[in-house]
Amino acid sequence: MSLEPGRSGESELTACLESCPRLGQRDEFPFACAGCGDCCRDRRDLVLSGFDLYRLARWMRLPPRVVAEAFCRRDVGETTCLPLLVLRPSARTGHCPFLEGNGCAVHPARPLACALYPLGQSIDPVTAKTEYFPQLPLCGAPAPGRTLADYLENSGVIQRAGTDASWAVECTRISEMLTEAGGREHPRFLPAVRRVERALYYDYSTGDEFYPQFRENLEKLYPVLQALLAPKSE
């Protein structure tokens, strides 16, 4: 199962995936956000996808790289070897940099993990099947009669589900290429990761739609990555 984007603690995510019950689309999920803002406070683990960054950049009318430099820290996944952009908390408050009062200043462009909350998500990298599970205990207010499908629709998750599934599948493929080549022990690991970072996060025009650019970036990336990771001839 793909664990990214979402929270950057990979071992904690794995434990949650193994223990949390899955919800079907028609299952009751009687949750409504109460607007307390607690899920935005003291957060240091929110990993953005390329689509998350693109949506924020489009909302702010800035290039993706500029938004990343202003609001994110760069990292590399411990087990996935993938480049990560983790939302950096405000130096003033220690909370999400987009938290204003109890509200989100970028709510229409909020990252997937925020739109999902208090749900977690896992995506099968082979079938792209998506599953959802509650992160307990639930906060919020009761919403009797609400189903999982209702919540996902109202949160905008369904509308972006295809792009998110494709992102997870391709990230898994890239992760396998990096780890099978030796991961951090490969002599060209860092150049390879930086090239992946460009393709996944930065090489986008916010004046054009994300998904076609994503596919084009991958078509360019894979041959370069294969060349970088190929064993050196004797």
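The values are calculated or read from the model by the stated rules, or taken from the named source; none is laboratory data. Just so you know, these numbers come straight off a predicted model, no measurement behind them. Because the Cβ atoms are built from the backbone with ideal geometry, glycine has one as well, and the counts that use them run over all protein chains shown. Please note that ligands, DNA and RNA were not included when accessible areas were found on the heavy atoms of the full protein model with its side chains. Shrake-Rupley method; radii C 1.70, N 1.55, O 1.52, S 1.80 Å.
Quick notes on this structure:
- Residue match in segment 44-61 (condition: over 16 Å from residue 111 (Cα atoms), in contact with a Ser or Thr (Cβ under 6 Å, 6 or more places away or on another chain) and modelled with pLDDT of 85 or more): no
- When segment 131-158 is filtered for residues that are open to solvent by less than 30 Å² (accessible area, probe 1.4 Å), part of a loop (DSSP other than H, G, I, E, B) and either closer than 19 Å to residue 104 by Cβ or without any contact (Cβ under 8 Å) to a residue 24 or more places away in the chain (or both), the ones remaining, listed by number, are 155, 156, 157.
- Filtered residues of segment 71-117 (kept if of a type in the set (Lys, Arg) and either open to solvent by less than 30 Å² (accessible area, probe 1.4 Å) or not in a strand (DSSP E or B) (or both)): 88, 92, 110
- Within segment 184-200, tally of residues that are within 21 Å of the chain's Cα centre (by Cα), open to solvent by less than 80 Å² (accessible area, probe 1.4 Å) and more than 16 Å from residue 52 (Cβ to Cβ): 4
One line per residue, one yes/no per condition, for (1) charged (D, E, K, R); (2) in contact (Cβ under 8 Å) with a residue 24 or more places away in the chain; (3) farther than 29 Å from residue 223 by Cβ; (4) touching a strand residue (DSSP E or B) at 6+ places or on another chain (Cβ under 8 Å):
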site: 125; (1), (2), (3), (4): no, yes, no, yes
site: 167; (1), (2), (3), (4): no, yes, no, no
site: 171; (1), (2), (3), (4): no, yes, no, yes
site: 180; (1), (2), (3), (4): yes, no, no, no
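- Single residue of 164, 203 found to be surrounded by 13 or more Cβ atoms within 10 Å (Cβ to Cβ), in contact with a Lys or Arg (Cβ under 9 Å, 6 or more places away or on another chain), among the acidic types (Asp, Glu) and at pLDDT 95 or above: 203
- Pair list, Cβ < 6 Å and 6+ apart or interchain, from segment 210-230 residues that are free of Cβ contacts under 8 Å to residues at least 24 places away in the same chain to residues that are open to solvent by 30 Å² or more (accessible area, probe 1.4 Å): 217/203
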